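Beneath this line is the structure, given in structure tokens, with notes to follow.
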Amino acid sequence: MPHSTKPPATVTNADTFFLSAANEEDLLRMVVRQMQEATLQLDTDGTVLCVNTAAEGLLGKDASHFVGRPWQQWLSSPWKEQLEAIFAQQNNKLNHQIIEPTEMTVTFGDRDILPVNLSLSFIPAKTACFLVNLQDLSRHKDEVNELFRLASTDSLTGLANRRTFLDVLEQQWQSYTAKRRPVSAIMIDVDHFKTFNDCYGHINGDKCLQRIAREISQALPDKECLAARYGGEEFTALLPGYNRQQAQSVAHLIRQRINALDFAAAGLGCDVRVSVSQGIATEVNGQFRTAEALLFAADTALYRAKAEGRDRINLSC
Ligand SMILES: Nc1nc2c(ncn2[C@@H]2O[C@H](COP(=O)(O)OP(=O)(O)OP(=O)(O)O)[C@@H](O)[C@H]2O)c(=O)[nH]1
């Protein structure tokens with residue numbers, strides 16, 4: 001094969017870079033403008049020299065908003081500091097650093113946050129510069145958030161599912177017991193729900209579970225508390241920081257709200273009454289060694305409530 005006389009495709013020497021260009025600065029800027037990817041050209045201090053159309057579109061602002069200003073000001077920690085360190089080294093001509101595609105956020109004020117994959121390339125031209133390449137991750141983030149939501153919630157009621165409940169219980173258990181603060185759990189089971197399904201049908205049974213879920217959720221006193229569907233017609237409430245008496249008050253409110261549910265509008269007849277049995281366990285002075293033991297105690301208390309006649313609240317011993 002004949003030996004090629006062309007310069008190699010990848011040239012890192014400033015003297016040979018863009019050998020054929022009359023004015024490399026113009027050529028480089030032209031290349032940046034022509035690029036399909038969102039790209040900004042920076043000088044070695046990090047000051048923005050040029051923003052292409054794709055970057056204007058992605059960032060939602062005109063090039064004039066950025067040109068002449070340091071690029072790193074739109075990044076949050078720790079990326080802002082990392083870029084500042086790179087630009088400081090460039091001034092000292094220590095080395096030519098790059099950043100491989102990395103997830104970070106571009107921020108305009110407190111609210112306008114754009115998740116991106118950012119890469120930084122050093123261009124060793126006579127007038128050296130950097131190119132910033134941005135890839136929009138907002139759609140990807142939305143999809144990940146949606147998958148996370150689907151994986152962590154119960155599709156019928158919208159409450160947290162059992163797995164989420166157990167994860168949060170473990171976290172809150174660690175956090176609250178370390179501070180020697182109480183943690184309470186309530187296990188809640190719908191009474192004679194098989195009969196409800198048999199009388200009114202499964203679809204109305206589903207609607208009933210949705211309404212019960214809403215009442216439990218609305219009875220919780222603060223946003224640290226978590227209501228979950230534990231499975232079937234069984235629900236749980238986690239009350240971090242709540243002692244036995246406070247947990248009992250919450251359970252009373254849940255009972256009242258569920259007893260007061262009115263199914264007449266759903267065409268089921270005004271005499272339909274739904275009740276739940278509840279078991280409460282509270283960790284105060286280290287009597288339960290684990291979060292699992294706390295939940296087991298609440299479950300035992302629940303089954304005692306069932307055995308004692310249902311529609312009642314039982315406290316663990
Ligand atoms: N409609 C509907 N029913 C459900 C769902 N999950 C569980 N169930 C029903 O809940 C009923 C639970 O029945 P059981 O375990 O016998 O309990 P119960 O009839 O509530 O009686 P006690 O708990 O002893 O008061 C069953 O008929 C299940 O089919 C659901 O997602 N939708």
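Shown is the FRET efficiency for residue 317 and residue 275, computed with R0 = 22 Å from the Cβ-Cβ distance and rounded to the nearest 0.05: 0.40.
Ranking 140, 192, 65 by solvent-accessible area of protein heavy atoms (1.4 Å probe, all protein chains present), from largest to smallest, gives 192, 140, 65. Among the lysines of the chain, pairs at least eight places apart or on separate chains and with Cα atoms under 22 Å apart come to 9. With a Förster radius of 35 Å applied to the C-beta separation of residue 140 and residue 26, the computed FRET efficiency comes to 0.50. Across the chain, the convex hull enclosing all Cα atoms gives 241 Å³ per residue.
Each of the peptides 172-182, 299-309, 272-282, 225-235 was scored by the mean count of other Cβ atoms within 10 Å over its residues; in descending order, highest first, they stand as 272-282, 225-235, 299-309, 172-182.
With the whole protein complex present, residue 195 retains an accessible surface near 70 Å², based on a 1.4 Å probe. Projecting label points 7 angstrom from Cα along Cα→Cβ for residue 262 and residue 296 puts them 4.5 nm apart. Semi-axes of the equivalent ellipsoid for the range 166-296, computed as √(5λ) from the eigenvalues of its C-alpha gyration tensor and ordered from largest down, come to 31, 13, 11 Å. Taking 0.36 nm per residue of separation and subtracting the current Cα-Cα distance, fully stretching the chain between residue 210 and residue 85 would add 39.6 nm. Peptide packing: for 260-267, 183-190, the average count of neighbouring Cβ atoms within 10 Å per residue gives the ranking 183-190, 260-267, highest mean first. What is the distance in Å between the Cα centroid of the range 50-77 and that of the range 249-317? Each part reduced to its Cα centre gives a spacing of 56 Å. Using a probe radius of 1.4 angstrom, the carbon and sulfur fraction of the accessible surface of the range 153-315 is 47%. Average accessible surface for the range 153-315: 50 Å² per residue, computed with a 1.4 Å probe over protein heavy atoms with every protein chain in place. Secondary-structure-derived ellipticity at 222 nm for the chain, considering helices only, amounts to -12500 deg cm²/dmol, per-run term -39500 (n - 2.57) for DSSP H runs with n ≥ 4.
A crude spin-label estimate for the pair residue 195 and residue 181, with each label 7 Å from Cα along the Cβ direction, gives 4.2 nm.
Its Cα gyration tensor gives the range 24-140 an equivalent ellipsoid; the semi-axes, largest first and in whole Å, are 21, 17, 12.
The values are calculated or read from the model by the stated rules, or taken from the named source; none is laboratory data. Quantities reported herein were computed from a predicted structural model and do not represent experimental measurements. Positions of Cβ are generated from backbone atoms using ideal geometry, with glycine treated the same way; all protein chains shown enter the neighbour counts. With ligands, DNA and RNA removed, areas are computed over all heavy atoms of the protein, side chains included. Shrake-Rupley method; radii C 1.70, N 1.55, O 1.52, S 1.80 Å.
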